[in-house]
1. May I ask you to rank 106, 137 by accessible area, largest first, using a 1.4 Å probe over the protein chains only?
2. Within the range 49-77, list the residues whose amide N lies under 17 Å from a label point set 7 Å along Cα→Cβ of residue 119.
3. Rounded to whole Å and sorted largest first, list the principal axis extents of the Cα atoms in the chain.
4. Run the quick spin-label model on residue 88 and residue 20: label points 7 Å from Cα toward the beta carbon, then report their separation in nm to one decimal.
5. With every protein chain left in place, what is the accessible area per residue of the range 1-107 in square angstrom, probe 1.4 Å?
6. Between residue 61 and residue 10, what is the FRET efficiency for a Förster distance of 22 Å, r being their Cβ-Cβ separation, to the nearest 0.05?
7. Can you list residues from other chains, or at least 5 along the same chain, whose modelled amide H is less than 5 Å from the amide H of residue 30?
8. Filter the chymotrypsin sites (Phe, Trp or Tyr not before Pro) in the range 90-143 to those in DSSP coil with at most 16 other Cβ atoms within 10 Å of their Cβ, and list the result.
Amino acid sequence: MILNSHGGNNWKAIVRELGLLFPEMFLCVTNWFKLGSESGVFELPGDHADEMETSLILHLTPELVLPREDWGSGKEFKNNIKAFSEGWAWTERPWSKISDDTGVGDPSKATAEKGQVFFNMVCAKMGQLLVDIAEADINTLYD
């Protein structure tokens, strides 16, 4: 079973609980969206409706993207509680309160072409992960 995770660490608790319920099942989590910062495709890091996400949507379903002139800057308002701003504590962020346009990251350099390159890279990496898991002896994963 592969879970995709975006934000928070609740997935760790879910995987641990499922591992107790199904000890013979191999469980893992992917954070495919983190590949964006490693891909070399994107210039502007962000978190939501940024260059990466906007590029992906421009490639996959461009009809869902507002016209470029309506895109916001993606400026994020920081939480006033220090622990959350430092990143070692987490809470749900209501998008309408953390930015003027619900984006957290500048989408201005997003293109459908970048989205296609990144989408193909993610698909190839996820496909290879599935092959590696299928071919692995789960009982001898560690040296």
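1. 137, 106
2. Within reach of a label on residue 119, which here means backbone N under 17 Å from a point 7 Å along Cα→Cβ, the range 49-77 contributes 49-66.
3. The Cα atoms of the chain stretch 53, 39, 26 Å along the principal axes, largest first.
4. Distance between the two pseudo-spin positions: 2.7 nm.
5. That works out to 69 Å² per residue.
6. 0.20
7. Placed amide hydrogens put 3, 4, 5 under 5 Å from residue 30.
8. Sites meeting the loop and neighbour criteria: 90, 142.
The values are calculated or read from the model by the stated rules, or taken from the named source; none is laboratory data. The model shown is predicted, which means the values in this text are computed figures rather than measured ones. Quick reminder, even Gly has a Cβ in these numbers, built from the backbone with ideal geometry, and neighbours come from all protein chains shown. Quick note on the areas: whole protein, heavy atoms, side chains included, nothing else; ligands and nucleic acids left out. Shrake-Rupley method; radii C 1.70, N 1.55, O 1.52, S 1.80 Å.
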